[in-house]
Amino acid sequence: MKTIKVKVYEFKELNTEAQEKAVQWYQEGLFYDGFWCEHITGKCGDADNVGLRIDSFDCYRQEIKGDFKGLGMDTAKKIILEHGKKTETYKTAENFLKAVLALGEIPDLNAPYSYDEEKAHDDKVNEYDERKEELEKEFLKDILGDYLHILRKEADYIQSFESAKENIEANEYTFTKDGKRFG
């Protein structure tokens with residue numbers, strides 16, 4: 001049996017070149033498990049909490065797919081309640097709600113009408129429903145775009161030297177003198 005002694009270093013004890021190598025090692029494993037975005041896209045993540053399901057996304061290609069878990073109106077209201085006024089998601093939800101309110105009230109479906117009035121009433125209801133559906137589709141596209149932006153910012157941050165350094169130090173990883181992970 002041989003015993004080999006190896007000197008190991010904390011990140012802050014490494015020279016610049018070795019720190020860069022350590023950061024490179026850390027960054028190579030970042031996206032492997034997919035956990036980096038769970039707090040945004042996963043079950044009980046931010047999108048899920050406001051009623052938005054994110055099915056897939058690709059930050060590089062700037063593509064995202066998803067849908068509302070219920071009504072777009074409910075998602076917008078939850079965003080207004082849970083997100084800060086300065087966030088893009090808040091502004092998008094607010095604009096959607098304002099546009100829906102601008103449509104006016106849906107005509108009363110139970111009111112008695114003459115034949116001509118009933119036809120005009122039905123046309124108004126159909127027009128209202130079509131415009132509201134169109135607004136909801138636009139809202140879905142816009143809110144998914146906001147979440148893609150959030151995901152891109154998160155990906156950029158976790159790929160940064162500063163983030164890698166913080167996580168390496170927080171996890172107390174050790175390295176050889178040349179920046180190779182030890183252990």
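The values are calculated or read from the model by the stated rules, or taken from the named source; none is laboratory data. Keep in mind that what you see is a predicted model, and the values were worked out from it rather than measured. With ideal geometry, Cβ positions are generated from the backbone for all residues, glycine too; neighbour counts draw on all protein chains shown.
Residues in segment 155-183 that are in a loop (DSSP other than H, G, I, E, B) and either among the β-branched types (Val, Ile, Thr) or over 26 Å from the mean Cα position of the chain (by Cα) (or both): 8 in all. Looking across segment 1-16, the residues that are surrounded by 10 or more Cβ atoms within 10 Å (Cβ to Cβ) and out of contact with any strand residue (DSSP E or B) (no Cβ under 8 Å at 6 or more places or on another chain) come down to 13, 15. Residue check: residue 20 meets all listed conditions (1) free of Cβ contacts under 8 Å to residues at least 12 places away in the same chain; (2) in the same structural domain as residue 176 (by TED's automatic domain parsing) but one, namely (1). Which condition number does residue 84 fail, the rest of (1) in a helix (DSSP H, G or I); (2) at pLDDT 90 or above; (3) within 21 Å of residue 157 (Cβ to Cβ) being met? Answer for residue 84: the failing condition is (1). One residue stands out in segment 29-38 among those that are modelled with pLDDT under 85 and outside any loop (DSSP other than H, G, I, E, B): the one that is surrounded by the most Cβ atoms within 10 Å (Cβ to Cβ), namely 36. Residues that are at positive phi and modelled with pLDDT of 95 or more within segment 39-61 comprise just one, 51.
The test for being among the hydrophobic types (A, V, I, L, M, F, W, C) and either touching a Cys at 6+ places or on another chain (Cβ under 6 Å) or farther than 13 Å from residue 144 by Cβ (or both) holds for residue 97.
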